[in-house]
Amino acid sequence: MAIQIPTRLLDGAVLSFLRVDDLYGYALTQKVQSIFDVSESTIYPVLRRLKKDDCLSTYDQPYQGRNRRYYHLTTVGLQLLTDIQDEWQDFSQQMNKVMKETKLNDD
């Protein structure tokens, strides 16, 4: 059984990719899917929610006769990313401690 990525960590992944570069939805989805097993339909609700929460802004650029909607990380989004990274560090350290202690006790 695979571990499902919690919403908070999926938000962190999306924000992390957008910290590096503005991306349009499909390109962002491809990046997330290269790391996590999530469906394409999973990412768009995340983007809408993060935009509603002022973590992202959008702009359109023409591409081959169509517009692509690009997502850009805002200062609110950068702060949320920092918070998620801090939370992940704490959780990861605690989880590693638990795993290490239980492994030692099993030996």
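Quick one: D86 ticks every box in (1) part of a strand (DSSP E or B); (2) loosely packed, with under 14 Cβ neighbours inside 10 Å bar one, so which box is it? So D86 meets the others, but not (1). Within region 63-82, the set of residues being farther than 11 Å from D11 by Cα and either in a helix (DSSP H, G or I) or of a type in the set (D, E) (or both) comprises T75, V76, L78, Q79, T82. Among the residues here, D86 qualifies as of a type in the set (D, E), farther than 20 Å from Y24 by Cβ and out of contact with any Asp or Glu (no Cβ under 7 Å at 6 or more places or on another chain).
For region 63-74: of the residues being loosely packed, with under 11 Cβ neighbours inside 10 Å and not charged (D, E, K, R), which is farthest from D21 (Cα to Cα)? Checking each candidate, the answer is G65. Within region 21-62, the set of residues being crowded, with 16+ Cβ neighbours inside 10 Å and in a strand (DSSP E or B) comprises L23, Y24, L56. Can you spot a residue in region 31-38 that is of a type in the set (S, T, Y) and either touching an Asp or Glu at 6+ places or on another chain (Cβ under 9 Å) or free of Cβ contacts under 8 Å to residues at least 12 places away in the same chain (or both)? Within region 31-38, one or more residues are of a type in the set (S, T, Y) and either touching an Asp or Glu at 6+ places or on another chain (Cβ under 9 Å) or free of Cβ contacts under 8 Å to residues at least 12 places away in the same chain (or both). Considering only region 8-16, I want to know if a residue exists there that is out of contact with any Cys (no Cβ under 6 Å at 6 or more places or on another chain), free of Cβ contacts under 8 Å to residues at least 60 places away in the same chain and exposed (fewer than 11 other Cβ atoms within 10 Å of the Cβ). No, region 8-16 contains no residue that is out of contact with any Cys (no Cβ under 6 Å at 6 or more places or on another chain), free of Cβ contacts under 8 Å to residues at least 60 places away in the same chain and exposed (fewer than 11 other Cβ atoms within 10 Å of the Cβ).
All of the numbers you see were taken from the coordinates with simple rules; none came from a lab. In this text, all values refer to a predicted model and were calculated from it rather than measured experimentally. No Cβ is skipped: glycine too gets one built from the backbone with ideal geometry, and neighbour counts run over all protein chains shown.
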